[in-house]
Each structure stands twice: as structure tokens, then as C-alpha cells.
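First comes the structure, then the notes that go with it.
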Amino acid sequence: MSTQSPRHTAEGHDPPPVGGILWAVAGELRSVLALPAAMTMQVAHPAVGAGVDQHSVFRTDPWGRGERSLRSVQLWVYGGARAETEGHRLRRLHASIQGVDAHGRPYRALDPPVYAWVHATGYPVYLRAQRYLGTRPFTAAEERQLYGEWLRIGRVLGIDEREIPGSVEEFWPYYRAMVRERLEPTVVARELAEPDAAVPPPDALPVRLLWPLLRPLFTRFRAFLTVGLMPPDAREAIGLEWTRGQERRLRWFGRAARVVVPLLPERLRYLPIAREARRHARAGGRDRWPSVAWHVVCRMACRLVWHRCGTWLGAAR
């Protein structure tokens with residue numbers, strides 16, 4: 001295992017451009033529904049799985065962790081100058097995470113190949129979410145554009161450029177090798193895909209009171225989307241089952257999503273940070289964004305959206 005830490009981002013590494021593909025999709029509800037699939041692929045790497053198992057609060061505070069993770073992902077794309085600040089924060093957060101995995105091998109969260117894999121999982125999951133939930137699959141040109149934007153996110157996060165392929169053509173051999181040689185059914189990966197997982201209730205009182213009835217619906221829906229929106233080769237490597245009946249149901253759900261979601265008003269379709277960034281861009285940057293008050297609103301609204309959409313993910317503890 002490498003003992004190097006990821007090289008810090010150089011000052012001036014910008015997030016993806018306004019009007020790009022990530023700008024359009026990263027903050028929308030359909031992409032949020034796909035993120036647990038990426039997280040499950042992340043923790044199927046034994047080093048990542050061990051780190052989350054031993055250091056994360058995902059079992060005791062899944063809702064708070066989810067809220068923090070959603071905000072982090074949104075800042076990468078929509079945060080402007082704050083994107084790089086968030087990248088530095090994540091590196092500081094993970095700098096002390098180390099230990100021994102289930103096979104007795106030492107690991108560090110910032111080991112460059114491990115850190116790169118966590119980032120790399122987002123790209124194939126975005127493609128799969130677009131295929132099932134989007135208006136149409138991405139064209140080849142759009143896939144290349146999306147990958148270029150995902151590389152920009154990697155630079156913001158401080159991913160070692162020697163560890164992440166520089167083109168789509170180079171990415172797929174890297175991805176297939178990682179799935180074939182590194183992924184396994186770790187404890188955390190199986191737990192995240194478990195339809196009957198034990199999830200504590202959220203803070204909202206009405207939901208908390210109804211949680212004994214809502215929890216089975218939530219965990220089964222989460223597991224359904226987690227497994228269904230995961231690429232089949234990763235699903236197989238982790239040992240997750242997927243039936244023809246489930247595939248049909250996912251396709252029906254995708255048809256409903258591609259009709260309903262575009263009809264939603266922007267305040268319901270996009271998460272708060274994404275929505276405000278898009279509004280600010282339309283206004284030509286004339287107003288100050290974001291204000292301190294808006295941060296409070298975003299935090300409260302992210303928690304509400306998290307409760308409603310029923311996803312569980314994490315890029316940060």
C-alpha cells in the first residue's frame with residue numbers, strides 16, 4: 001500500500017463550469033437517489049469499508065451524516081470559491097483515519113489509490129442514473145464532457161492525478177480492474193444494501209412517531225435503488241442479487257421519474273445549495289451569494305429533503 005498522501009490541490013483549481021452537465025444534474029433529486037449506489041461501491045473496497053466501519057457515525061447518526069454529505073457534494077459543484085475550501089476540509093477530516101482492515105492489512109483513508117477510488121465511483125453511477133432516471137442516456141460526447149468535469153472535481157478534492165485516469169478510454173480498464181481485483185462484500189457494503197437494515201428515526205417528530213411503520217418502506221426502497229442503480233459488474237463483485245422482476249420495477253420507476261421530476265418547480269426539484277447557485281447564475285451574479293442567513297436555510301432544507309427522499313450516503317463522516 002502506498003504511504004503517500006494525495007497531493008494537495010493547487011490554488012485556483014475551479015469546480016465544474018456553470019451550465020455544464022454536473023451543473024444540470026448534480027443537485028437534482030434524481031441524482032441524489034443514485035448516490036447511495038456510489039457509496040456502497042466505495043465501501044466495498046476493503047480499506048474504505050474498514051474506515052467507515054471503524055470511524056464513521058453512519059449507524060448512530062445516519063441522518064446528520066447524510067445531511068453533511070449532501071452539503072459537501074453540492075459545494076463541489078455549486079460552491080464556487082468554497083469548493084476548494086471544502087476539499088481541504090475533507091482532507092483534514094480524513095487525515096487521521098487509519099487502522100487495519102478485515103484481512104489484517106493496514107489502511108489510511110488518504111492513501112492515494114483508496115482516495116481516488118472513492119471519487120471514481122461517482123462517474124459510472126451518474127451514467128447509470130441518467131440511463132434509468134434521465135430523459136435519455138448521455139451521448140458519447142456528453143460522457144466525455146461529464147468525465148472531464150468529474151476530473152475537475154477530483155482536482156478540487158486533491159485527488160492524486162497519477163491515480164485517476166485522464167480520459168474516458170483509460171477510465172474503463174481502470175474501473176474494471178478495481179471491480180475485479182479489489183471489491184468484495186464488506187460488512188458495510190452488505191449493510192447498506194440490506195432491505196431490513198436497522199436505521200434510527202430522524203429528528204422530525206411526525207416521522208419519528210411513525211417510524212415503526214415507515215422504516216421498512218424506507219429501507220426497502222433505499223436497498224432497491226442502491227442495488228438497481230449500481231453497475232452490474234460491481235453488484236456481482238459485492239454479491240448482491242438483482243432479479244428480472246426488480247429490473248422491470250426499476251424501469252417503471254425510471255419512467256415515472258423522468259415524467260414527474262421535470263414538472264416539479266425548481267424549489268422542489270433541486271437541493272437548496274444547487275437551487276440558489278442556479279438562481280444566482282441567472283441573475284448574473286449581481287447579488288451576494290450565499291448569505292449567512294441562506295446557509296441556515298440550506299441546512300434546514302437539506303435535512304427536510306433528506307428525510308423525504310429517503311437516501312443514505314456519505315462522502316464525509
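The values are calculated or read from the model by the stated rules, or taken from the named source; none is laboratory data. Small disclaimer: the values here were computed from a predicted structure and weren't measured. Neighbour counts are summed over all protein chains in view; Cβ atoms, including those assigned to glycine, are modelled from backbone coordinates with ideal geometry. Only protein heavy atoms, including side chains, enter the accessible area calculation; ligands, DNA and RNA are left aside. Shrake-Rupley method; radii C 1.70, N 1.55, O 1.52, S 1.80 Å.
Taking the condition within 17 Å of the chain's Cα centre (by Cα), farther than 29 Å from Pro137 by Cα and at pLDDT 95 or above, does Val100 pass? Explain how you work it out, then say what you get.
Values: within 17 Å of the chain's Cα centre (by Cα): no; farther than 29 Å from Pro137 by Cα: yes; at pLDDT 95 or above: yes.
Here the answer is no, as Val100 does not meet what is asked.
Filter segment 68-85 down to residues that are open to solvent by 10 Å² or more (accessible area, probe 1.4 Å) and in contact (Cβ under 8 Å) with a residue 40 or more places away in the chain and give me whichever is nearest to the chain's Cα centre (by Cα). Walk me through it before giving the result.
Quick first cut of segment 68-85, residues open to solvent by 10 Å² or more (accessible area, probe 1.4 Å) only: 68, 71, 73, 76, 80-82, 84-85.
Now narrow it down to the ones that are in contact (Cβ under 8 Å) with a residue 40 or more places away in the chain: 68, 71, 73, 76, 80, 84.
Working: Arg68: 12, Arg71: 11, Val73: 7, Trp76: 11, Gly80: 19, Glu84: 18 Å.
Checking each candidate, the answer is Val73.
Kindly list the number of the only condition in (1) in contact with a Pro (Cβ under 8 Å, 6 or more places away or on another chain); (2) part of a helix (DSSP H, G or I); (3) open to solvent by 70 Å² or more (accessible area, probe 1.4 Å) that fails for Asp196.
(2)
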